[in-house]
Structures are given as structure tokens and as C-alpha cells.
1. How many residues does the range 19-32 contain that are among the hydrophobic types (A, V, I, L, M, F, W, C) and in contact with a strand residue (DSSP E or B) (Cβ under 8 Å, 6 or more places away or on another chain)?
2. Give 89, 23 a once-over and let me know the one that is in contact (Cβ under 8 Å) with a residue 12 or more places away in the chain and more than 19 Å from residue 100 (Cβ to Cβ).
3. Where residues in the range 1-52 are in contact with a helix residue (DSSP H, G or I) (Cβ under 6 Å, 6 or more places away or on another chain) and either among the polar types (S, T, N, Q) or on the phi > 0 side of the Ramachandran plot (or both), which of them is modelled with the lowest pLDDT?
4. I'd like the full set of residues that are surrounded by 14 or more Cβ atoms within 10 Å (Cβ to Cβ), aromatic (Phe, Trp, Tyr) and within 15 Å of the chain's Cα centre (by Cα), limited to the range 25-69.
5. When you check residue 37 against the structure, is it touching a Lys or Arg at 6+ places or on another chain (Cβ under 9 Å) and among the acidic types (Asp, Glu), yes or no?
6. Just to be sure I understand, how many residues within the range 12-24 are surrounded by fewer than 17 Cβ atoms within 10 Å (Cβ to Cβ) and not hydrophobic (A, V, I, L, M, F, W, C)?
Amino acid sequence: MRKLSRKRGPRKHLLKNLVSSLILYEGITTTQARAKEVRRVFARVNSFARTKTLSGYRQLRASLTAPAAKKMQENLSARIEDSSGAIRITSIGTRSGDNAPLSRVELIAKEPVVAEKKTAKVETKPKKVVGSLK
């Protein structure tokens, strides 16, 4: 486990926020060391979501922010096939200020299945003409 130049509490909250942002936006840009830690934490969070139990949701809620936990439980857990290959980390160069190596972290998830809406045809009856036609 990388310490990321932080004590235990701030490091825990940093990773919680990074994983929550990854779930909400389905992609983040961060340093390479943080990206590798996000992968480790996300695998654990994904296993909580895949159980689909109250206990799993409570563990998920403790590890993420509320909107991210809700999205993970309802949408993403079904779209992600397995926890091992759920994240793609791509190196994108270095940061201009301190030359730190940057990476793009993205979720690899299937597209959500959208059910087609059936449109009912409404039959229109011809209008009756009232009166005489001269």
C-alpha cells in the first residue's frame, strides 16, 4: 500500500473521493501512484456491490459517497463483468508544474441495456361532415 505522502485518515478520504469520482464520471485523471491505489480500492468496492445484499450496500456506503454508492449498486455492478478487469489505466504524460507522471483511469463497463419503447398506433377515424354539400 502506498502512503501517498499522507497519514492514514487523509489518505483514506483521498482514495474514497477518487473512487467516488471514478464511479460518478466513469473516468478521472490523476497521478500514476494514485491510479494504482484506486485500482486496488475499486476492486474491493466492486465486490461489495456485486453481492447485492443489505450488508454489501452498507459496506459500499461506508467506502464511497452516497451518490456513488447508489450508482454503483443500481447501475454499474450489473455492467461490470468481473472485478479484475474493470479499470483501464492509461499513461498520458507528465504534469507541467512538477513533472509528475499522469494517468487516465477509466471504467471498462458494458453499455447499459435500453429497452425499446413500443409506440401504439392510434387509428384516426374520418370526420363526418355535417350539413349539405353544395
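1. Our first condition is that a residue be among the hydrophobic types (A, V, I, L, M, F, W, C); within the range 19-32, this holds for 19, 22-24, 28.
In the following step, the residues that additionally are in contact with a strand residue (DSSP E or B) (Cβ under 8 Å, 6 or more places away or on another chain) were identified as 22-23, 28.
Within the range 19-32, residues that are among the hydrophobic types (A, V, I, L, M, F, W, C) and in contact with a strand residue (DSSP E or B) (Cβ under 8 Å, 6 or more places away or on another chain) number 3.
2. Working: 89 fails: more than 19 Å from residue 100 (Cβ to Cβ).
So the residue among 89, 23 that is in contact (Cβ under 8 Å) with a residue 12 or more places away in the chain and more than 19 Å from residue 100 (Cβ to Cβ) is 23.
3. Taking the candidates together, the pick is 4.
4. If the condition is that a residue be surrounded by 14 or more Cβ atoms within 10 Å (Cβ to Cβ), aromatic (Phe, Trp, Tyr) and within 15 Å of the chain's Cα centre (by Cα), then 42, 48 are the ones that fit.
5. Values: touching a Lys or Arg at 6+ places or on another chain (Cβ under 9 Å): yes; among the acidic types (Asp, Glu): yes.
Judged against the criteria, residue 37 is a match.
6. The total comes to 3.
One line per residue, one yes/no per condition, for (1) modelled with pLDDT of 90 or more; (2) under 27 Å from residue 64 (Cα atoms); (3) of a type in the set (Gly, Ala, Ser):
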residue	(1), (2), (3)
78	no, yes, yes
86	no, yes, yes
92	yes, yes, no
98	yes, no, no
103	yes, yes, yes
106	yes, yes, no
109	no, yes, yes
115	no, no, yes
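The values are calculated or read from the model by the stated rules, or taken from the named source; none is laboratory data. This structure is a prediction, so every number in the text was calculated from the model and none was measured. Because the Cβ atoms are built from the backbone with ideal geometry, glycine has one as well, and the counts that use them run over all protein chains shown.
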